[in-house]
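Report on the following structure.
The values are calculated or read from the model by the stated rules, or taken from the named source; none is laboratory data. None of the values given here were measured: they were computed from a predicted structure. In this analysis, Cβ positions are derived from the backbone assuming ideal geometry, glycine residues included, and neighbour counts consider all displayed protein chains. Calculation scope for accessible area: heavy atoms of the full protein, side chains included, ligands and nucleic acids excluded. Shrake-Rupley method; radii C 1.70, N 1.55, O 1.52, S 1.80 Å.
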Amino acid sequence: MSPRDAVGEISPELGAIRQVRRRPKLSWSMRIGGAVLIFYVAVALISLVWTPYDPLTPGIGDGYDAPSAAFLLGTDRLGSDMLSRLMVGARYNLGITLTAVTIALCIGTTIGVIAGYHGGAIDTVVLRAVEIFQAFPGLLFAMLVVQAVGPGIVMLVVQAVGPGIVNVILVLSFVGIPDYLRLARGEIHSRRSWQYAEAARMVGNPPWRVAFRHLLPNSIGPLLAFTSINAAFVALITASLGFLGLGLGPNTPEWGNMIARGQDGVMTGQWWVSFFPGLAILGLTGAFYLLGDAISDLTDPRRRR
């Protein structure tokens, strides 16, 4: 007599309870990271229709006004409202980050799936090209390329949103592609001979369908986890380029530009000009890191507690 016969059939109610218990719970990393990211998205959307003052207009207050009831986060050396500029900065930094990460994810994953599934000469050529690109540090490579990329690329888009934004997005996307490519290639290469992939080929599915319809969905977990980590890196690089004067225009309310604009006031006591943009960058990158850790826990059974 089997153990199942000895204890009797499991009731539907007990089975439902066990099914609920097996569902992974949302960790505090997911809750905190998601809440912070939603807050940043809300601020960016609100800045499209409302800010306390015009973020591009100097002289609204006196230079280096301390935080007060009139200016909650103070003013910078030109008298511009820090809160208004910080809100618009969320739109720039978050928009650049999400756009660059999405482009890198799509292109890098597509090439990685093709290289990992077919192997051979295609795989070798792709890996050698990736190794050449990754020989340069990410920030240094971004600095070199953003200076070399001219505003003539994608002219229609450039005229619509500005050459600085397009150049930064293209460069950050290009820098992130090799990481997604290597990760996708490794996942597909390790799974292409598994039984479900062999079964998909035996029933007559073409190679592209086996790779993208069957293998990729079963390999998406590590890619999603890395996407959050890469988003934090892109946000830091965006701010770094702005701080060095290689990103958007000097008057653009981007957080890196704002830190550079207020660095003279740090030594003379006007700490708020650089502190609040730096705090905004810290919060955004921290949210992405928390989400990446939580996604890793959800997609990797070995990390579940």
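The table below gives the values:
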read-out: Whole-number accessible area per residue in Å² for segment 168-236, which is evaluated in the context of all protein chains at 1.4 Å; value: 47 Å²
read-out: Label-point gap, in nm, between LEU127 and PHE212 - each point 7 angstrom along Cα→Cβ; value: 2.4 nm
read-out: R0 of 22 Å, Cβ-Cβ distance GLN134-CYS106: FRET efficiency to nearest 0.05; value: 0.70
read-out: For segment 26-303, the fraction of alpha-carbon pairs in successive 10 Å shells from zero, as %; value: 7, 25, 29, 22, 11, 5, 2, 0
read-out: Length released on extending from LEU48 to LEU224, taking residue separation times 0.36 nm less the Cα-Cα span; value: 60.5 nm
read-out: DSSP-assigned coil residues among trypsin sites (Lys or Arg not before Pro) in segment 63-148, each with at most 15 further Cβ atoms within 10 Å; value: ARG77
read-out: Projected label distance in nm at ARG201 and ASP264, using a 7 Å step from Cα toward the beta-carbon; value: 6.6 nm
